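Trainee: Take a look at the following structure, please.
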Amino acid sequence: MAGQPLTSDGVSAGLADGQPGTSLAAPAPVILSASGVEKSFHRGIWPRRRTISVLRGASLEVRAGELVGLVGENGSGKSTLMQIVVGLLKRDAGEVSRPNRLGYCPQLPMVWEKLTVDEHFELFARAYGLDEEQRERSVGSLLEELQFAKYRSYRIEELSGGTRQKLNLAISLMHEPELLLLDEPYSGFDWETYLRFWEMSERRRDAGMGILIVSHLLAERERLDRMYELCEGRICNC
């Protein structure tokens, strides 16, 4: 049977006219809200000290079960906003609300050269509060998805850039976060891994995870549910 036409406010026309109909499902909850975020950096020493404004009131939100993009030119403030959301940078103004169970995959891998892949998983499992059974189940699944199980005993200094980034991504996912923040996470991936990354992201989005991904590639727009564009520290398009 054909669906009811919608009015401008999203209510089915039958209900708006007092006739029987089916209302739309309630929207998923907002799990990340950033409002009016400002951040400046100071450079140089007096008398040539100057202030550089990077974020000038940036605002965005991500709902559960959404894959949202954050794009913009180099220097537009994308990574700065991401680091403020994570808590690595202190904001000058504005409000940020996010869940505690957060996954973060930075642009540069957070790994240690002399540790092995398995030692990284063990270290982060303790940080996330995972027991041995949870760790092995999660790690086994991620190694299979990203296809780098053969490197478990390798030190980081022995890995290629693409394999390091696979580990970086796996670490951010191993505790099944409510909100996943990805800062150009596919740097160094080959084409096959790049496509697999998007399949992984879509599966987790469909399972209810909220995902915010920083990118400079406008061509990825079709893979996203929504997109924000940062221009000179402000959201200029969404």
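Trainee: Quick check on the chain: of the DSSP beta bridges with both residues there, what percent are antiparallel, nearest 5%? Mind dumping the intermediate values first?
Mentor: On the way: 20 of 39 bridges.
Here the share of antiparallel DSSP bridges comes out near 50 percent.
Trainee: Using a 1.4 angstrom probe on heavy atoms only, work out the carbon and sulfur share of the accessible area of the chain in %.
Mentor: Numbers: 6390 of 13340 Å².
On the chain, the fraction of accessible area on carbon and sulfur atoms equals 48 percent.
Trainee: Would you be so kind as to identify which of 139, 106, 197 lies farthest towards the positive end of the dipole of region 103-238, taking Lys and Arg as +1 and Asp and Glu as -1 on Cβ and the Cα centre as origin?
Mentor: The listed residue farthest towards the positive side: 106.
Trainee: Can you match volume of the Cα convex hull per residue in Å³ to one of these, [x] 127; [y] 111; [z] 181, based on a calculation from the structure here?
Mentor: Given [x] 127; [y] 111; [z] 181, the calculated one carries the label [z].
Trainee: What order do you get for 229-237, 71-79 when each peptide is scored by the mean count of other beta carbon atoms within 10 Å, highest first?
Mentor: So the peptides 229-237, 71-79, ranked by packing, come out 71-79, 229-237.
Trainee: Any idea how many Lys pairs in the chain come in under 26 angstrom at the alpha carbon, given 8 or more places apart or on separate chains?
Mentor: 7
Trainee: How much accessible area per residue does the chain have, in Å², with a 1.4 Å probe? Show your work: numbers first, answer last.
Mentor: Details: 13340 Å² over 238 residues.
Per-residue value: 56 Å².
Trainee: A further question on this structure: As a test of the formula, what do you get for the chain when each DSSP H run with n ≥ 4 contributes -39,500 (n - 2.57) and the sum is divided by the residue count, at 222 nm and rounded to the nearest 500 deg cm²/dmol? Could you put the intermediate results ahead of the total?
Mentor: Details: 6 runs with 69 residues, N = 238.
Computed mean residue ellipticity for the chain: -9000 deg cm²/dmol.
Trainee: Computed from the mean reciprocal separation of all distinct C-alpha pairs, what Kirkwood hydrodynamic radius does region 105-164 have, in Å?
Mentor: 12.0
The values are calculated or read from the model by the stated rules, or taken from the named source; none is laboratory data. Values in this document were obtained by computation on a predicted structure and should not be read as measured data. Neighbour counts run over all protein chains shown; Cβ positions are idealised from the backbone, glycine included. What goes into the accessible areas is simple: the full protein's heavy atoms, side chains included, and nothing from ligands, DNA or RNA. Shrake-Rupley method; radii C 1.70, N 1.55, O 1.52, S 1.80 Å.
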